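Trainee: Here it is: the structure, laid out below.
Coordinate-derived values only; no laboratory data. Since this is a predicted model, take the numbers as computed values, not measurements. For neighbour counting, all protein chains shown are included, and Cβ atoms are generated from backbone atoms with ideal geometry for every residue, glycine included.
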Amino acid sequence: MKALVPVKRVVDYNVKVRVKSDGTGVDIANVKMSMNPFDEIAVEEATRLKEKGALTEVVAVSCGVTQAQETLRTAMAIGADRGILVESTEELQPLAVAKLLKALVEKEKPDLIILGKQAIDDDCNQTGQMLAALLDLPQATFASKVEVADGYATVTREVDGGLETIKLKLPAVITTDLRLNEPRYVTLPNIMKAKKKPLETVKPADLGVDVAPRIKTLKVSEPPKRGAGVKVPDVATLVQKLKNEAKVI
Ligand code: AMP
């Protein structure tokens, strides 16, 4: 039983991003990059499934620039057995990533593909769903609990009204939500061990995938600045302002 875990290199969640002065995108020069937090949860979950004996191999894959190797090394320090870098300097949109992952799934034949529910840079929340559609595989998005046994995955999903539990036949695609687990702290010995794990590099053309962007970003702008607040002397004034100025009550 093998799991494929796609991990994306994104701007670290602690970085306050700035829009480039020409409005063409976000300035990522010299900012700290890390693994997408939902993908860390996915690697942790796959590692725990392996530790429980439900899986035998965890393969991390990242699509992007050469430096995404660092993201793969982090995945291997958490517990992935090996890494695959699909190296490209193009802007990789969810459909392109889904096509690359489809090609890798056909090659690697994993029983489970566990992705993050969304990447915190583009906030698309599309790749897992597109991958499941391209492969015609069952999918369980926004997972907060995953159990794997006897060729099936039982997944509890976070839905609007609460929780939903579904059973999927493997192979299947699962995307992780925040409450699925708390990723372990990566220790120095495991970082050292990860350096020795196999890391293969392929190009999109090797997988026969055209990654040309299908969507063009026209403009990126900062959200409008919030105006300063006011202090009110008492509750009566607050109620009066909410009624007459904000008109919310
Ligand atoms: P998105 O649809 O862009 O919000 O991304 C959802 C998930 O797809 C992420 O959490 C990753 O698991 C995976 N993913 C997206 N882009 C990449 C990439 N370039 N390399 C590897 N995995 C990716």
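Trainee: I'd like the antiparallel share, as a percent to the nearest 5, of DSSP beta bridges with both residues in the range 2-244.
Mentor: On the way: 18 of 43 bridges.
Just about 40 percent of them are antiparallel.
Trainee: Now for a separate question. Pairs of Cα atoms under 8 Å, at least six residues apart: use those to get the relative contact order of the chain, whole percent. List each step's numbers first, then the result.
Mentor: Working: 497 pairs, mean separation 57.6, N = 249.
About 23 percent, as a whole number.
Trainee: Among the trypsin sites (Lys or Arg not before Pro) within the range 27-86, which fall in a DSSP loop and have no more than 16 other Cβ atoms within 10 Å of their own Cβ? Could the numbers behind the result be given before it?
Mentor: On the way: sites: K32, R48, K50, K52, R73, R82; in loops: K32, K52.
Answer in residue order: K32, K52.
Trainee: Once you mark the chymotrypsin sites (Phe, Trp or Tyr not before Pro) that are in a DSSP loop and have at most 12 other Cβ atoms within 10 Å, what is the longest gap between them in the chain? Please list the in-between numbers first.
Mentor: On the way: sites that count: Y13, Y185.
For chymotrypsin sites (Phe, Trp or Tyr not before Pro) (loop position, at most 12 other Cβ atoms within 10 Å), the longest site-free span of the chain is 14-184.
Trainee: Please give the direction-averaged projected area of the C-alpha convex hull for the range 9-61, in square nanometres with one decimal. Don't skip to the answer; put the middle values down first.
Mentor: Values: hull surface 18.9 nm².
In nm², the orientation-averaged hull projection of the range 9-61 is 4.7.
Trainee: When the expected Rg is taken as 2.2 N^0.38 Å, what fraction or multiple of it is the alpha-carbon Rg of the range 132-249? Please list the in-between numbers first.
Mentor: On the way: Rg = 25.0 Å, N = 118, 2.2 N^0.38 = 13.5 Å.
In units of the globular-protein estimate, the range 132-249 measures up at 1.86.
Trainee: Same structure, new question: What number in nm² do you get for the chain if you take the convex hull of its Cα atoms and divide its surface by four? Mind dumping the intermediate values first?
Mentor: On the way: hull surface 71.2 nm².
Over every viewing direction, the Cα hull of the chain projects on average to 17.8 nm².
Trainee: Could you compute the longest span of the chain free of GluC sites (Glu not before Pro) located in DSSP loops and having at most 15 other Cβ atoms within 10 Å, not counting the site residues?
Mentor: Working: sites that count: E90, E91, E245.
Excluding the exposed sites themselves, the longest stretch runs over 92-244.
Trainee: Moving to a separate point now. Once you've got the Cα coordinates, tell me which of K32/K193; K16/K196; K20/K50; K169/K196 are over 31 Å apart.
Mentor: Values: K32/K193 23 Å; K16/K196 34 Å; K20/K50 43 Å; K169/K196 34 Å.
Flagged as over cut-off: K16/K196; K20/K50; K169/K196.
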